[in-house]
1. What are the ³J(HN,Hα) values, in whole Hz, obtained from phi via the Karplus relation 6.51 cos²θ - 1.76 cosθ + 1.60 with θ = phi - 60°, for each residue of the range 48-60 in sequence order, with x given for Gly and Pro?
2. What residues qualify as long-range amide H neighbours of Ala65, i.e. H under 5 Å apart, gap of 5 or more or another chain, H built at 1.01 Å from N?
3. What are the residues whose amide H is under 5 Å from the amide H of Ser21, where those residues sit 5 or more places off or on another chain and H is modelled from the backbone?
4. Just add up the charged neighbours of Thr81: K/R +1, D/E -1, any other residue whose Cβ is under 13 Å from the Cβ of Thr81.
5. Pop out the ³J(HN,Hα) list for the range 27-42 in order, Karplus 6.51 cos²θ - 1.76 cosθ + 1.60 with θ = phi - 60°, rounded to Hz; leave Gly and Pro as x.
6. Once phi is turned into ³J(HN,Hα) by the Karplus curve 6.51 cos²θ - 1.76 cosθ + 1.60 with θ = phi - 60°, what whole-Hz value does each residue of the range 15-23 show in order, with x for glycine and proline?
7. Suppose a student asked you for the relative contact order of the range 46-89, using Cα pairs under 8 Å spaced at least 6 residues apart; what percent would you report?
8. With Kirkwood radius over Cα pairs in Å in mind, check (i) 16.5; (ii) 13.8; (iii) 15.1 and report the label derived from this structure.
Amino acid sequence: MANGEGVYGLRRAFALAGAESQLLSLWQVDDFGTQSLMVRYYENLTAGMGRSEALRQVQLAMIAADDRYSHPFYWAAFVLTGDWRSLSE
């Protein structure tokens, strides 16, 4: 990865390695907030949601929660690239 490529270079490396999609953070994130987000994200995936919809629903749930994880710092860093469909498609 060339100097200055950042997230783009990492995303590209995973795509070239064969990953259909990548869920990446744009900045350093809180461990516990990320754990909460990822557990719910994978629950949504296993329930049959598409990858982008699974992330969207988790982010909306975190916004609606009345706790510290409702702040955008905890959920807005995550972006999905690649295939947006469910894992079964």
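Values quoted throughout were computed directly from the atomic coordinates according to the rules given, and no laboratory measurement underlies them. Because the structure is a prediction, the values reported are computed rather than measured. Neighbour counts are summed over all protein chains in view; Cβ atoms, including those assigned to glycine, are modelled from backbone coordinates with ideal geometry.
1. Rounded to whole hertz, the list is x, 5, x, 4, 6, 5, 4, 5, 4, 5, 5, 4, 5.
2. For Ala65, whose amide H was placed from the backbone, there are no distant partners under 5 Å.
3. The answer is Asp83.
4. Local net charge: +1.
5. For the range 27-42, the Karplus curve yields 8, 4, 10, 6, 4, 6, x, 5, 4, 4, 5, 5, 4, 5, 4, 5 Hz.
6. For the range 15-23, the Karplus-derived couplings read 5, 5, 7, x, 5, 5, 8, 9, 10 Hz, x marking Gly and Pro.
7. Relative contact order here is 57 percent.
8. (ii)
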